[in-house]
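This report concerns only the one structure given below.
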């Protein structure tokens, strides 16, 4: 039984007619025949792969590159993939657009909208935000912790990914926190969405774009003060 209903498949096919460039989804998973890494049983690896297979089958411009997390460790390391399930959207994005966990529930819409933006290499960020992004020349790591049932999470997740699409120095991760208990504990995630910028600034809730950019610059300022 497909994970995406026939009706939704038709809707997505029509939506994907607007894709401009090709998008490759590099998915890291774990084969059943290999030994499982303690603490990384990857309960949702199969479901994530099947969902991505269904999505990429809906357009000739979408490609799925499935890699084994253990056998392809060098590539995983080069893309900063340290846990699974995980995948990276590659196309015209300038920075890194990554997911950790299955993009289920409300986060499925985040995936679809990200695919459209990555195919274009541009987003609907405001002119003011674009001007600010043009001044960022330091590495910036944004992590947005979400759950599939959170209706406010896609707004925060999309904003982080838009910044990465527009700036080569930005890596943006959307993390399905219930799949990674160690990360929930490390970052003291008690509510979602929660955003962590460069491990220095922590934000709770889906902030408006201007306020979020202020916090981003605060994280950069703290980094400069610490050097």
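Can you name the condition, by its number, that residue 31 falls short on among (1) modelled with pLDDT of 95 or more; (2) in contact with a strand residue (DSSP E or B) (Cβ under 6 Å, 6 or more places away or on another chain)?
Among (1) modelled with pLDDT of 95 or more; (2) in contact with a strand residue (DSSP E or B) (Cβ under 6 Å, 6 or more places away or on another chain), residue 31 violates only (1).
Return the residues of region 181-194 that are over 13 Å from residue 143 (Cα atoms) and either under 15 Å from the mean Cα position of the chain (by Cα) or touching a residue at least 60 places away in the same chain (Cβ under 8 Å) (or both); say none if nothing qualifies.
The one that is over 13 Å from residue 143 (Cα atoms) and either under 15 Å from the mean Cα position of the chain (by Cα) or touching a residue at least 60 places away in the same chain (Cβ under 8 Å) (or both): 182.
Among the residues of region 62-94 satisfying the criterion of being more than 17 Å from residue 30 (Cα to Cα) and buried (at least 21 other Cβ atoms within 10 Å of the Cβ), which is nearest to the chain's Cα centre (by Cα)?
Residues of region 62-94 that are more than 17 Å from residue 30 (Cα to Cα), as a first pass: 62-63, 78, 89-94.
Within this subset, residues satisfying the condition of being buried (at least 21 other Cβ atoms within 10 Å of the Cβ) are 89, 91, 93.
Details: 89: 8, 91: 14, 93: 12 Å.
Looking at the filtered set, the residue picked out is 89.
Looking only at residues that are in a loop (DSSP other than H, G, I, E, B) and modelled with pLDDT under 95 in region 103-135, which one is farthest from the chain's Cα centre (by Cα)?
First, pick out the residues of region 103-135 that are in a loop (DSSP other than H, G, I, E, B): 103-106, 121-126, 134-135.
Then keep just the ones that are modelled with pLDDT under 95; that gives 134-135.
Working: 134: 21, 135: 23 Å.
So, considering only residues that are in a loop (DSSP other than H, G, I, E, B) and modelled with pLDDT under 95, the one farthest from the chain's Cα centre (by Cα) is 135.
Restricting the search to region 108-122, which residues are closer than 18 Å to residue 5 by Cβ and buried (at least 22 other Cβ atoms within 10 Å of the Cβ)? Steps first, please.
First, the residues of region 108-122 that are closer than 18 Å to residue 5 by Cβ: 108-109, 111-112.
111 - this is the single residue of region 108-122 that is closer than 18 Å to residue 5 by Cβ and buried (at least 22 other Cβ atoms within 10 Å of the Cβ).
Answer yes or no: is there a residue in region 149-156 that is assigned to a strand (DSSP E or B), in contact (Cβ under 8 Å) with a residue 40 or more places away in the chain and crowded, with 23+ Cβ neighbours inside 10 Å. Spell out the reasoning first.
Taking region 149-156 and keeping what is assigned to a strand (DSSP E or B), we get none.
Among the residues of region 149-156, not one is assigned to a strand (DSSP E or B), in contact (Cβ under 8 Å) with a residue 40 or more places away in the chain and crowded, with 23+ Cβ neighbours inside 10 Å, which makes the answer no.
Looking at this structure, is residue 172 in a helix (DSSP H, G or I), on the phi < 0 side of the Ramachandran plot, within 14 Å of the chain's Cα centre (by Cα) and touching a residue at least 40 places away in the same chain (Cβ under 8 Å)?
no
Which number in (1) without any contact (Cβ under 8 Å) to a residue 24 or more places away in the chain; (2) more than 20 Å from residue 98 (Cα to Cα); (3) surrounded by 13 or more Cβ atoms within 10 Å (Cβ to Cβ); (4) within 19 Å of the chain's Cα centre (by Cα) marks the one condition that residue 207 misses?
Condition (1) is where residue 207 drops out.
Output the residues belonging to region 190-220 that are more than 22 Å from residue 111 (Cα to Cα), in contact with a strand residue (DSSP E or B) (Cβ under 6 Å, 6 or more places away or on another chain) and in a loop (DSSP other than H, G, I, E, B).
Hit for region 190-220 is 198, nothing else.
Output the number of residues of region 96-117 satisfying the condition of being within 19 Å of residue 155 (Cβ to Cβ), touching a residue at least 60 places away in the same chain (Cβ under 8 Å) and in contact with a helix residue (DSSP H, G or I) (Cβ under 6 Å, 6 or more places away or on another chain).
If we filter region 96-117 for residues that are within 19 Å of residue 155 (Cβ to Cβ), which is where we start, we get 97-101, 103-117.
From what's left, touching a residue at least 60 places away in the same chain (Cβ under 8 Å): 97-101, 103-104, 107, 110, 112, 115-116.
Next, from what is left, pick out any that are in contact with a helix residue (DSSP H, G or I) (Cβ under 6 Å, 6 or more places away or on another chain): 97, 101, 103, 110.
Matching residues across region 96-117 total 4.
The values are calculated or read from the model by the stated rules, or taken from the named source; none is laboratory data. Everything quoted here is computed from the prediction, not taken from an experiment. Cβ sites come from the backbone with ideal geometry, for glycine too, and all protein chains shown count toward neighbours.
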